[in-house]
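The values are calculated or read from the model by the stated rules, or taken from the named source; none is laboratory data. Everything numeric here is computed off the predicted structure, so don't read it as measured data. Every residue, glycine among them, receives a Cβ derived from its backbone with ideal geometry; neighbour counts consider all protein chains shown. The protein model used for the area step is the full one, side chains on, heavy atoms only, and it has no ligands, DNA or RNA in it. Shrake-Rupley method; radii C 1.70, N 1.55, O 1.52, S 1.80 Å.
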Amino acid sequence: MKTIGLIGGLSWESSAEYYRLLNRAVRDRLGGLHAANIVLHSLDFAPIAALQAEGDWPALDRAMVEAAAALQRSGADLLLICSNTMHRCAGAIEAASALPLIHIADPVTTAIKTAGLSHVGLLGTAFTMEQDFYRGRMAKAGLDVIIPDEAGRAAVHRIIYDELVQGVIREESRGEYRQVIAALVDRGAEAIILGCTEIMLLVGPEDSAVPLFDTLALHVEAAVERALEA
């Protein structure tokens, strides 16, 4: 079994889900007392979030490259960034590291196309929804990615940073997400991408009239496949 290197703490709420789901998936595949071989490099999210807000992506690239190097020294065979937003730094990691990086957008794109869908709504941080590093990658694969209007994007982003990454779950926020999802469906979305690894803490299939694609769960599945391949 290959060792999975996790760049975590982005936030630790979702990193804990990565750890739980990776181990459960390996146990389900191999049975008995089996668990995943994991190395975790967990960052302090407060300075990361501050750099995001400042738009200092070169500094964030450096922090992520250093995290990847630490994981390689610790014996990781492959890398996961436990965050959709921080895949903005994926290119810098791939340029600096000899380890393969499983990009979170790729298994999501594959799952959507396998389901025969092409018009999808995207929820995530403002960075993920508005910048090209994520939507552009999916567009190149043939997906039409729809994002919420300005007010919807602001609500989705605010709830992620003010609540979900801090472990706060509020019914009124679930209601706001339901409204944003419904608006995307009205605009032609055939499915919704939960493009932030904390969103699944708040919404589930019962909150959407169309299928939801959980990026964290799909990322985990892809990592386990890679870790267990011959």
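For the chain, averaging the sequence separation of C-alpha pairs within contact (under 8 Å, six or more residues apart) and dividing by the residue count gives a relative contact order of 24 percent. Counting only protein chain heavy atoms and rolling a 1.4 Å probe, the accessible areas of Val210, Val156 rank, largest first, as Val210, Val156.
Summary of the geometry: region 21-60 and region 151-180, compared by the centres of their Cα atoms, lie 22 Å apart. What the phi angles of region 125-136 give under the Karplus curve with 6.51, -1.76 and 1.60, with θ = phi - 60°, is a coupling list of 5, 4, 4, 5, 6, 9, 8, 8, 4, 9, 4, x Hz, glycine and proline written as x. By accessible area, using a 1.4 Å probe on protein heavy atoms only, the chain has 50% of its surface on carbon and sulfur.
Solvent-accessible area per residue in the chain equals 43 Å², computed with a 1.4 angstrom probe and all protein chains kept.
Distances between placed amide hydrogens fall under 5 Å for Val39 paired with Ile4, Gly5, Leu6, all partners being 5 or more residues away or on another chain. The value for region 3-101 of Rg(Cα) / (2.2 N^0.38 Å) is 1.10. A simple spin-label model places the labels of Leu99 and Arg187 3.7 nm from each other, with each point 7 Å out along Cα-to-Cβ. The label point for Ala115 and the one for Thr3, both projected 7 Å from the Cα toward the Cβ, are 3.6 nm apart. Each label point was placed 7 Å from the Cα along the Cα-to-Cβ direction; for Asp44 and Asp144 their separation is 4.7 nm.
For region 97-144, the relative contact order is 43 percent, taking Cα pairs closer than 8 Å that sit 6 or more residues apart in sequence and dividing their mean separation by the residue count.
Calculate how large, on average over all directions, the projected area of the Cα convex hull of region 70-196 is; give the answer in nm² to one decimal.
On the way: hull surface 35.1 nm².
Mean orientational projected area (region 70-196, Cα hull): 8.8 nm².
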